[in-house]
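Where a number appears in this text, it was derived from the coordinates with a stated rule and is not lab data. Predicted model only: the values in this text are computed from it and were never measured. All Cβ positions, glycine included, derive from the backbone under ideal geometry; neighbour counts span all protein chains shown.
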Amino acid sequence: MDGRKFGLLGRKLGHSWSPQIHAMLAGYDYRLYPVEPEDLDRFLTETDLAGMNVTIPYKKDVMARCASVSAAARRIGSVNTLVRTAEGWHGDNTDYAGFCYITRAAGIDPAGKKALLFGTGGASLAVKAALEDMGVRETVSVSRTGKNNYDNLYLHRDAQLLVNATPLGMVPDAGSLPAHPGDFPQCEGVLDVVYNPQRTAFFMEAERLGIPCAGGLGMLVAQAKHSAEQFAGHSIPDQRVEEIMSTLSRQMSNIILIGMPGCGKSTVGRALARRMGRPFLDADAEIEAAAGQSIPDIFAREGEEGFRARETAVLARLGMGSGAVIATGGGCVTRAENYPLLHQNGFIVWLQRDLGSLAKKGRPLSLKHSPQVLFDQRRDKYAAFADLIVDNNGPRQAAVDAIWEAVQ
């Protein structure tokens with residue numbers, strides 16, 4: 001590429017995958033530009049960027065600063081892509097193409113259906129236009145204070161397609177959702193524009209119910225591809241979207257180790273983290289650090305229920321992160337609410353070891369109950385949590401290799 005620079009404009013950008021995505025798409029210089037509202041005009045006037053993507057909260061604001069806008073952006077009423085021209089900024093909206101991509105990828109056909117669209121911001125405008133072009137029968141836009149709001153969703157129980165175009169469920173507020181798909185008996189599809197975590201609470205509820213669903217990662221990459229084509233001045237093969245999604249998903253996903261106390265989760269986890277160049281996190285160590293006391297002391301003072309509450313709080317925090325190897329306590333599977341905390345950004349590995357080889361030191365429940373009793377209580381729960389089962393009865397490196405091969 002030439003020396004032109006590009007970037008992402010927004011207010012609070014935090015960690016964004018956009019620089020990495022654009023590097024994989026076209027290889028130009030692409031950086032993050034957080035800008036406060038009072039500085040927006042000055043930034044657009046003085047920046048030397050040749051083009052930029054635009055995110056919350058400026059998708060509508062930048063439209064008025066454009067010398068020209070595409071027909072799609074004019075129809076939608078918001079801009080997420082700016083390209084410098086001799087006349088000034090040219091605005092376009094590629095969210096439209098991104099949303100169409102995830103809809104098709106999930107095998108969802110909006111034609112003839114009633115859609116419930118949560119949100120009225122910039123992203124929702126592109127979603128609504130895309131739904132209309134895909135033949136939706138009716139789109140009901142839901143906001144906090146409008147005619148159709150979160151207090152009267154019961155009026156739309158006949159909705160067949162649910163779309164979240166709000167930040168609900170996004171890290172650091174993972175766990176919130178605009179509605180429960182199970183409250184809509186005719187629901188045939190759930191789509192969420194949020195991509196971090198990879199599986200929002202909204203997505204996971206649809207997944208649990210067997211409803212076709214898709215998250216926002218595909219939309220993020222697909223819209224970036226259409227922007228990158230304008231920045232770079234050449235077409236990019238559609239297959240790159242799937243390839244980049246696969247790469248990002250592997251990098252974003254935590255590798256979560258579950259299994260009986262003493263089965264080697266920490267030992268294997270540390271070795272795996274070293275091999276992959278990832279941080280290693282031990283949930284039990286995090287619990288002790290947060291409590292300022294050892295796990296045996298927590299059990300002695302608060303009982304198992306007190307310990308489990310602390311454990312869930314720690315898993316909620318760790319599960320929102322990405323790209324780590326995390327060793328959990330042997331009993332984390334005894335609380336069903338821990339599964340979505342780990343699953344939202346995680347690939348869960350059940351590490352198995354012969355019961356007679358399990359270490360017991362410093363493990364209150366292992367000292368109180370026989371390994372067989374604990375295993376019989378937890379076997380089905382481990383199986384329900386796990387994406388992969390790995391034997392850890394041989395050399396440690398064999399378990400590490402098995403996990404490495406699976407996640408690649």
Practice problem: For the chain, set up a Gaussian network in which alpha carbons nearer than 10 Å are linked by springs, and say which option among 346, 394, 259 fluctuates the most. | Solution: 394
Practice problem: Please tell me which of these pairs span more than 18 angstrom C-alpha to C-alpha: 12/59; 60/114; 60/128; 113/147; 114/225? | Solution: 60/114; 113/147; 114/225
Practice problem: Would you tally the net charge around residue 207, using a Cβ to Cβ cut-off of less than 15 Å, leaving residue 207 out, and scoring K and R as +1, D and E as -1? | Solution: -2
Quiz prompt | Cα centroid of segment 207-284 to Cα centroid of segment 384-408, whole Å | solution = 18
Practice problem: Can you bin segment 190-240 into rounded, prolate or oblate? Criterion: square roots of the alpha carbon gyration tensor eigenvalues sorted a ≥ b ≥ c, rounded for a/c under 1.5, prolate for a/b above b/c, oblate for the rest. | Solution: prolate
Quiz item: How much length, in nm to one decimal, is gained on full extension between residue 132 and residue 242, taken as 0.36 nm per residue of separation minus their Cα-Cα distance?
Solution: 37.1 nm
Self-check item: Shape of segment 160-272, Cα gyration tensor, a/c cut at 1.5
Solution: oblate
Practice problem: Could you work out which residue, out of 51, 303, 264, moves most in a Gaussian network model of the chain, that is, has the largest mean-square fluctuation with Cα springs under 10 Å? | Solution: 303
Quiz item: Reported to two decimal places, what Rg/Rh ratio describes the chain when computed on Cα atoms with Rh from the Kirkwood expression?
Solution: 1.03
Quiz item: Which of 188, 205, 242 moves most in a GNM of the chain, Cα contacts under 10 Å?
Solution: 242
